[in-house]
1. For the stretch 1-85, what D do you get in µm² per second when you plug the Kirkwood radius from alpha-carbon pairs into Stokes-Einstein at 20 °C and 1.002 mPa s?
2. Run the numbers for residue 46 and residue 300: contour at 0.36 nm per residue of separation, minus the present Cα-Cα distance, in nm.
3. Per-residue counts of other Cβ atoms within 10 Å, averaged by peptide: what ranking do you get for 275-283, 493-501, highest first?
4. Calculate the length of the line joining the C-alpha centroid of the stretch 315-366 to that of the stretch 71-107, in whole Å.
5. Just to confirm a number: summing +1 for Lys and Arg and -1 for Asp and Glu over residues other than residue 259 whose beta-carbon lies under 11 angstrom from that of residue 259, what do you get?
6. What ³J(HN,Hα) values, in whole Hz, does the Karplus curve 6.51 cos²θ - 1.76 cosθ + 1.60 give for the stretch 86-98 when θ = phi - 60°, with x put for Gly and Pro?
7. Which order do the peptides 405-418, 67-80, 356-369 come out in when sorted by mean C-beta neighbours inside 10 angstrom, highest first?
8. Can you list the residues, at least 5 places off or on another chain, whose amide H is less than 5 Å from the amide H of residue 159, using H built in the peptide plane?
Amino acid sequence: VIGGAFNPIHLGHVLLAVTVRETKPVDEVVLVPVFKHPVKTDLLPYVHRVEMCKISVKGKGITVSTIEQETGESNVVMLRALRAKYPPGAQLLWVCGDDVFDWIDNAKGQAMMRELDGLIVQRRLHQASKDGNEDSFYKSPMDTARIGALSERHNLRVDVIFGELPHFSSTLVRSSPAKWKAYLPSCVATYLEERPQLLSRVLKSLDDPGDQTIKHGDQAETDDDSPSVKRRRLQAKDGMAKLGDGDAQEAVIACIMRCIAVVHGLQRERGCTAKAFSMRSRDAEVDLKRARESIDGLLSDIPVVPNDVGAAHCMAEELAYTHQWLARDRAVSDWHLGKSAVCNDAASTWLLHINLLRKWGCRVDVLIEACAQVLEAWVTPTLDGDGQKQRNSPSCTDSRTETNAEFLLRLFRMWVRGKEALGRERAFVCAGGQAACRLVRSSLRLRSRLHEVIEHKELMFKRIFTAERARTDPGYQSAETLHVMLTKITAMEWSLMGCFAASTPQHVQHKILASPDIAVDGALCASTGRDFDLDRWWEATSSAVDLMLVLVQGLVAGICMVRSPPPRSISTSDLDDVSYVSDGGVAC
């Protein structure tokens with residue numbers, strides 16, 4: 001039995017079904033599309049998902065069941081109804097990913113195991129961001145002793161698919177508009193192309209809720225409103241370098257600064273949401289409420305950018321769309337916050353909360369890229385009267401030499417990504433709460449996930465500092481204060497994990513271990529298992545993120561000076577349009 005949303009069915013699903021059919025001792029493989037998903041609201045209509053499943057496996061000895069539509073339920077009720085359709089003595093084997101061991105011990109998992117005769121576990125390849133390689137994957141380690149005990153306790157047969165199946169996912173299909181066909185069986189691609197409305201929904205971004213949109217007011221977004229559509233339009237727009245003059249440029253600068261402020265506010269709200277998940281306290285609720293109010297204020301008055309300024313107008317549209325996906329994500333978070341905080345498996349709860357927050361990263365990345373596209377248009381060489389490329393910097397005569405503006409743009413891209421990487425780590429740890437230290441040291445899967453997040457952050461900062469060291473001008477060097485902050489964060493990572501990440505520079509490790517106070521603090525956390533100081537973690541990471549906001553805004557100011565309008569008197573109201581005061585008290 002292979003259950004799933006199949007939204008839509010892709011080559012990975014088909015390959016898995018065929019692999020089970022051909023390599024495992026089974027008489028039949030049954031695909032069971034989800035009828036109503038408890039969390040996902042962006043599913044294609046059930047009838048189409050079922051039909052695409054049927055045409056994908058036709059002639060392969062694999063069947064498709066609509067048992068969930070008949071029962072209206074998933075998991076336990078569905079399995080009982082499915083078993084009733086087969087002769088007495090038939091055995092049901094559940095095909096699942098290796099993440100089954102994260103939830104199998106909770107109440108729902110236990111009930112489901114009682115309805116099964118065995119598991120067929122696929123060793124999934126998880127995408128990693130190590131070394132900056134988007135094609136890097138890893139397998140989560142398997143606890144064979146735990147699996148053996150589980151098999152004995154539930155009288156289950158546990159079989160494992162050890163071969164490496166190619167990495168496919170429905171997310172890849174929906175987020176790769178240029179190559180979506182590469183992930184689908186040809187019959188499914190044809191099915192979708194013959195139904196343009198269905199295809200447009202498939203190609204929408206991850207947050208599109210389809211027919212079940214939580215509407216903002218009386219309006220639901222159209223197909224052209226999704227971030228992925230606008231991102232594609234933004235990247236393909238020919239006149240991207242047309243940023244206008246005078247007032248138009250000032251509007252663009254104001255919109256860039258607003259976009260950066262919104263990104264910063266979203267990063268803070270994500271962290272506050274993570275704290276609310278783990279703390280369930282009045283103070284956490286107040287912090288989350290304030291973070292949301294701050295974002296709502298920023299989004300309520302977005303600077304108006306003329307339609308003819310290319311990428312800048314698309315960035316403004318992206319900002320205008322933010323409140324719609326934000327309302328949906330907040331509704332999901334509030335639903336989980338309203339549930340009882342009592343849980344027998346804290347590690348699984350932590351992983352659930354992390355997964356709920358992952359979408360924020362995708363959406364923040366869209367805003368960051370939109371802002372970077374506008375700044376790239378700002379520094380792109382223009383054409384002179386003879387049609388030749390001319391640098392914005394008059395002192396630059398060699399086309400192979402990087403101008404100051406181009407270096408600032410490259411530095412901006414690295415800093416905003418480093419800031420986002422630290423923001424994700426802040427939220428990741430906050431979702432674990434005060435028990436984070438004990439949970440990380442008792443769960444290998446959590447330790448691996450946290451190590452991946454830290455490694456990604458370290459890689460981002462390594463790139464920044466390497467680029468800065470390559471410039472001889474001391475004006476491009478990061479403030480020493482930031483290095484002190486990052487060292488403090490690394491020390492807290494060490495106290496949390498009981499070790500350093502592999503990418504932590506040796507001189508930073510030595511500095512931390514040579515500090516008596518830090519070393520003693522880490523040793524106590526390791527030996528006594530005391531609660532992790534979440535407040536201190538929040539303060540340390542937030543201070544660094546707030547300081548990085550100042551650096552990012554400074555880089556934007558430097559880039560915009562390349563094509564700034566003629567000097568004029570600046571009033572207080574003008575400064576209000578482009579300034580932002582962070583929650584950490586830093587005025588920019």
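What follows is calculated from the coordinates using simple rules that are stated; it is not laboratory data. Since the model is a prediction, treat every value here as computed from it, not as a measurement. Glycine also receives a Cβ, built like all others from the backbone with ideal geometry; neighbour counts cover every protein chain displayed.
1. On the way: Rh = 13.2 Å.
Rounded, D is 163 µm²/s.
2. 87.7 nm is the gain from fully extending residue 46 to residue 300.
3. On the way: 275-283: 18.0, 493-501: 20.0.
Taking the mean over residues of other Cβ atoms within 10 Å, the ranking is 493-501, 275-283.
4. Cα centres, the stretch 315-366 to the stretch 71-107: 28 Å.
5. Working: positive: 258; negative: 318, 369.
After counting each charged neighbour, the total is -1.
6. Using θ = phi - 60°, the values come out as 10, x, x, x, 5, 10, 9, 10, 9, 8, 8, x, 6 Hz.
7. On the way: 405-418: 21.7, 67-80: 16.7, 356-369: 19.3.
Peptide ranking by packing, descending: 405-418, 356-369, 67-80.
8. Distant-sequence amide H within range of residue 159: 119, 120, 121.
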